[in-house]
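In what follows, a structure is listed as structure tokens, so that the remarks can point back to it.
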Amino acid sequence: MSELHTDIRYVKGVGEARAKSLAKLGITDLRSLLSYFPRAYEDRRAYKRIDELTAGESACVRAMVAAEPRASHIRKGLDLVKLRVVDETGALELTYFNQSYLKNTFHTGETYVFYGKAEGTPRRAQMTNPLFEREGLQQVTGRIMPVYPLTAGVSQSLLSRAVRQGLDACADGLDDCLPEQTRLAHQLCHIRYAYENIHFPADEEALAIARRRLVFEELFLLTLGLRLLRSRRAGAQGPHCEALDLTPFYSALPFSLTNAQRRAISDILRDMTAQRPMNRLCQGDVGSGKTMIAAAAIYFAAKNGLQSALMAPTGILAEQHYHSLAPLLEPLGVRCALLTAATGAKTRRCVLSQLHSGEIDLVIGTHALLSPDVAYQTLGLVVTDEQHRFGVSQRAALSQKGENPHLLVMSATPIPRTLALMIYGDLDVSVVDELPPSRQSIDTFAVKSSYHERIYAFLRRLAAEGRQAYIVCPMVAENDTLPDERKAVTQYAQTLQAEVFPDLRVGILHGKMKPKEKEAVMRAFAAGETDILVSTTVIEVGVDVPNAAVMLIENAECFGLSQLHQLRGRVGRGAHKSYCILVSDNTGDDNLHRLRAMTATNNGFAIAEEDLKLRGPGDFFGSRQHGLPALKVADLTCDLELMHEAKAAAEELLAQDGDLSAHPSLHARIRELFALSAGAMN
């Protein structure tokens, strides 16, 4: 068990069933167990006498069992064990639910330490299901205890016991990948001390020292990995493009591009005429005109004899791109095709043949473009729509169908620049921070649920004028574990159809539907066959419906600021005045701040800055979205100073050892962290 790669099944108290549950948390061996850090801590060092307990507060109590525990069977599935414990100041009544074995665990006259939330009154103090241990053990009481993120079948006690065993068995075998000179120069503790005190801190100071070391290491490794990806790209030879005049393209547009669009196009053309492959993120707010920027890049590639592939996250979005780009590009001599899972076999064979022969300049599609039978003659440009739907591995899979093709990533998720530099460290970033004059501003209102009758009357009036509306809820179906007032899509839609809008057409859309069902619902809404679409956030990235004029978001407190902004961006896409209505009865400071920010501005970048301050970088960062290692300890909202320190240290090391050949263990650790991109780091 001293080996870090020991399977988690063999840790005492785990076994096969719990190992499966732990695997859902990414814990499969001792290394991943020790690297599963707490999300918070409980200070259980303060002992209180029974007469000092305050209802609602958690505390440790040292008390003696005054009488034999009493067990009672209330009904099927509900057993109680009650016992009375005392100290010199009073008595405390304890109740344990469905833990019948405890009747034989406690013995009269023995002293235990109990930790739990006080209930009852000063004269009759109570606790329900408190933790306990014999006096003097201090394994779960009398100390600062970790609080871990959990999943079904995994308890706090299981995790803390397993981590304790893991640390005792192999903490000395933890490899310190930080170069010694870096560790000393930045006054960082040893890895053994860091892991011990991030899990079981001796005190607040020890926790701060441990956390500082691990945050620095995390950001140091991330910076090194991103720099290596960038340097590897700089050394590759990209498809050759010659500068040419884009006047025919600009003249074909029925409108003038904004300065921000023209700047982004200049960035792209500069990249594509350089010697290395472009790897650029074009990041702009909803409606900022990123599709036209992609069109310029595709036109430029085609005139240089290169094929382009544009990959969208859904078939209906791919079709939308095709129907907007083909009429613009084909008159300019750029031959376009659509390839999705819905493409018929005969058409598919024809498209594949023309792609292979070079008769098609642009193919637009979904993941179908990644299929093994899709081959290109001269793939020179890959465009992916909505960055957070495509990870590094999928971008790489499409890129491998050409010889280091240029890559353009389009994202409508505004991200603060500081964060973008970390997340997209392997891409250059163009920011499109200007909306076209034709883009509608959306009036946003935050109201309480008491306004529902007025909102429904407003929706009915707009429907009579021929407009459509979205209603977004935070849940798919009612769930007993969540507050009743949260609107649930299926039940809410049924109620609206039966009781509120019996004469209107109400549709339902949620993530648990099959892809074909979802597309059918969206097609019906886009075609005007549905008046009101009740949906979850699955419509956050969706098809343009110019006729949709209202976005009603129920229980707005359940959503982050950037998510609310993305949802708002589903309307205001046509000629009609549009509205966003946020319904929430939550009066918490964070929620009120969030709602005020939404009603104050339509600027996605300003919204993103506020969201980062309120919630941290979780929504923006994670291997699930970006194919980069997730931050386990660092918080870029409060660790900015340490981030700059770690980046400077990483750049200093690379200046001395550019390929880390003199630091093999460090290089190996980075390869491991960037597993999805490791093949590109050789």
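Residue by residue through the stretch 277-304, note down the ones that are of a type outside the set (A, V, I, L, M) and modelled with pLDDT of 95 or more. Steps first, answer last, please.
Kept after step one, since they are of a type outside the set (A, V, I, L, M), are these residues of the stretch 277-304: 277, 279-280, 282-285, 287-291, 299-300, 303-304.
Of everything in the stretch 277-304, those that are of a type outside the set (A, V, I, L, M) and modelled with pLDDT of 95 or more turn out to be TYR299, PHE300, LYS303, ASN304.
Could you tell me whether LYS103 is under 36 Å from the mean Cα position of the chain (by Cα) and not small (Gly, Ala, Ser)?
Working: under 36 Å from the mean Cα position of the chain (by Cα): no; not small (Gly, Ala, Ser): yes.
The answer is no for LYS103.
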(message) Condition first: over 20 Å from LEU102 (Cα atoms) and either modelled with pLDDT of 90 or more or open to solvent by less than 50 Å² (accessible area, probe 1.4 Å) (or both). Can you find one or more residues in the stretch 133-142 that meet it?
(response) yes
(request) For the stretch 500-534, enumerate the residues that are aliphatic (A, V, I, L, M) and part of a loop (DSSP other than H, G, I, E, B). (result) LEU504, MET513, ALA527
(request) Can you tell me which residue within the stretch 514-549, out of those that are under 14 Å from ARG568 (Cα atoms) and hydroxyl-bearing (Ser, Thr, Tyr), is modelled with the highest pLDDT? (result) SER535
(request) Within the stretch 167-207, work out how many residues are within 32 Å of the chain's Cα centre (by Cα) and either aliphatic (A, V, I, L, M) or within 20 Å of ILE670 (Cβ to Cβ) (or both). (result) 18
(message) Looking only at residues that are open to solvent by less than 10 Å² (accessible area, probe 1.4 Å) and aliphatic (A, V, I, L, M) in the stretch 60-77, which one is farthest from the chain's Cα centre (by Cα)?
(response) VAL65
(message) Among the residues of the stretch 285-313, what is the count of those that are open to solvent by 30 Å² or more (accessible area, probe 1.4 Å), of a type in the set (Ser, Thr, Tyr) and touching a Gly at 6+ places or on another chain (Cβ under 8 Å)?
(response) 0
(message) When you check PRO201 against the structure, is it open to solvent by 10 Å² or more (accessible area, probe 1.4 Å) and not small (Gly, Ala, Ser), yes or no?
(response) no
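Hey, among THR95, THR89, THR121, which residue is touching a helix residue (DSSP H, G or I) at 6+ places or on another chain (Cβ under 6 Å) and of a type in the set (Val, Ile, Thr)?
Going through THR95, THR89, THR121 in turn, the sole match is THR89.
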(request) Tell me which residues, restricted to the stretch 155-201, are closer than 23 Å to ILE27 by Cα and among the small types (Gly, Ala, Ser). (result) SER155, SER157, SER160, ALA162, GLY166, ALA169, ALA171, GLY173, ALA194
(message) Condition first: among the basic types (Lys, Arg), touching a residue at least 60 places away in the same chain (Cβ under 8 Å), in a helix (DSSP H, G or I) and over 30 Å from ASN304 (Cα atoms). Can you find one or more residues in the stretch 271-291 that meet it?
(response) no
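Please go through the stretch 248-264 and pick out each residue that is open to solvent by 40 Å² or more (accessible area, probe 1.4 Å) and assigned to a helix (DSSP H, G or I). Even if it seems obvious, please write down each step before you answer.
To start, the set of residues in the stretch 248-264 that are open to solvent by 40 Å² or more (accessible area, probe 1.4 Å) comprises 248, 250-252, 254-256, 259, 262-263.
Of everything in the stretch 248-264, those that are open to solvent by 40 Å² or more (accessible area, probe 1.4 Å) and assigned to a helix (DSSP H, G or I) turn out to be PRO248, TYR250, SER251, ALA252, ASN259, ARG262, ARG263.
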(message) What pairs come out if I take residues in the stretch 642-671 that are within 17 Å of LEU631 (Cα to Cα) and pair them with residues that are among the charged types (D, E, K, R) and surrounded by fewer than 13 Cβ atoms within 10 Å (Cβ to Cβ) whose C-beta lies under 8 Å away, six or more apart or interchain?
(response) ARG669/ASP175
(request) Return yes when TYR322 is assigned to a helix (DSSP H, G or I) and farther than 18 Å from ASP544 by Cβ and no when it is not. (result) no
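From the list ALA606, ALA655, ALA630, ALA600, exactly one residue is at pLDDT 75 or above, under 30 Å from ALA318 (Cα atoms), of a type in the set (Gly, Ala, Ser) and open to solvent by 30 Å² or more (accessible area, probe 1.4 Å). Which is it? Outline the logic, then answer.
Numbers: ALA655 fails: under 30 Å from ALA318 (Cα atoms); ALA630 fails: at pLDDT 75 or above; ALA600 fails: under 30 Å from ALA318 (Cα atoms).
From the options ALA606, ALA655, ALA630, ALA600, the qualifying one is ALA606.
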(message) Can you tell me which residue is farthest from GLU517 (Cα to Cα) among those in the stretch 331-356 that are in contact with a Leu (Cβ under 9 Å, 6 or more places away or on another chain) and part of a helix (DSSP H, G or I)?
(response) LEU355
(request) Filter the stretch 514-543 down to residues that are surrounded by fewer than 17 Cβ atoms within 10 Å (Cβ to Cβ) and not small (Gly, Ala, Ser) and give me whichever is farthest from the chain's Cα centre (by Cα). (result) GLU529
(request) Write out, first by first residue and then by second, each pair whose Cβ atoms fall under 7 Å of each other, whose residues are 6+ apart or on separate chains, and whose first residue, in the stretch 295-316, is in contact (Cβ under 8 Å) with a residue 24 or more places away in the chain and more than 20 Å from ALA274 (Cα to Cα) while the second is surrounded by fewer than 23 Cβ atoms within 10 Å (Cβ to Cβ) and of a type in the set (D, E, K, R). (result) PRO313/GLU386; PRO313/ARG389; THR314/GLU519; GLY315/GLU519; ILE316/GLU519; ILE316/ARG523
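Could you say whether any residue in the stretch 142-155 is assigned to a helix (DSSP H, G or I) and in contact (Cβ under 8 Å) with a residue 12 or more places away in the chain? Give the derivation first.
Looking only at the stretch 142-155, we keep the residues that are assigned to a helix (DSSP H, G or I), and these are none.
For the stretch 142-155, residues assigned to a helix (DSSP H, G or I) and in contact (Cβ under 8 Å) with a residue 12 or more places away in the chain: absent.
Among residues belonging to the stretch 452-471 that are in a helix (DSSP H, G or I) and in contact (Cβ under 8 Å) with a residue 60 or more places away in the chain, point out the one that is surrounded by the most Cβ atoms within 10 Å (Cβ to Cβ). Write out each step before concluding.
In the first step, residues of the stretch 452-471 are kept if they are in a helix (DSSP H, G or I); the result is 452-464.
Checking the rest, the ones that are also in contact (Cβ under 8 Å) with a residue 60 or more places away in the chain come to 452, 455, 458-459, 462-463.
Working: HIS452: 14, ILE455: 19, PHE458: 16, LEU459: 25, LEU462: 20, ALA463: 19.
Selected residue: LEU459.
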(message) Which residue is farthest from ALA206 (Cα to Cα), if the candidates are limited to the stretch 27-55 and must be modelled with pLDDT of 85 or more and of a type in the set (Gly, Ala, Ser)?
(response) ALA55
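The values are calculated or read from the model by the stated rules, or taken from the named source; none is laboratory data. Since the model is a prediction, treat every value here as computed from it, not as a measurement. FYI the Cβ positions are ideal-geometry reconstructions off the backbone, even for glycines, and counts take in every protein chain you see. Please note that ligands, DNA and RNA were not included when accessible areas were found on the heavy atoms of the full protein model with its side chains. Shrake-Rupley method; radii C 1.70, N 1.55, O 1.52, S 1.80 Å.
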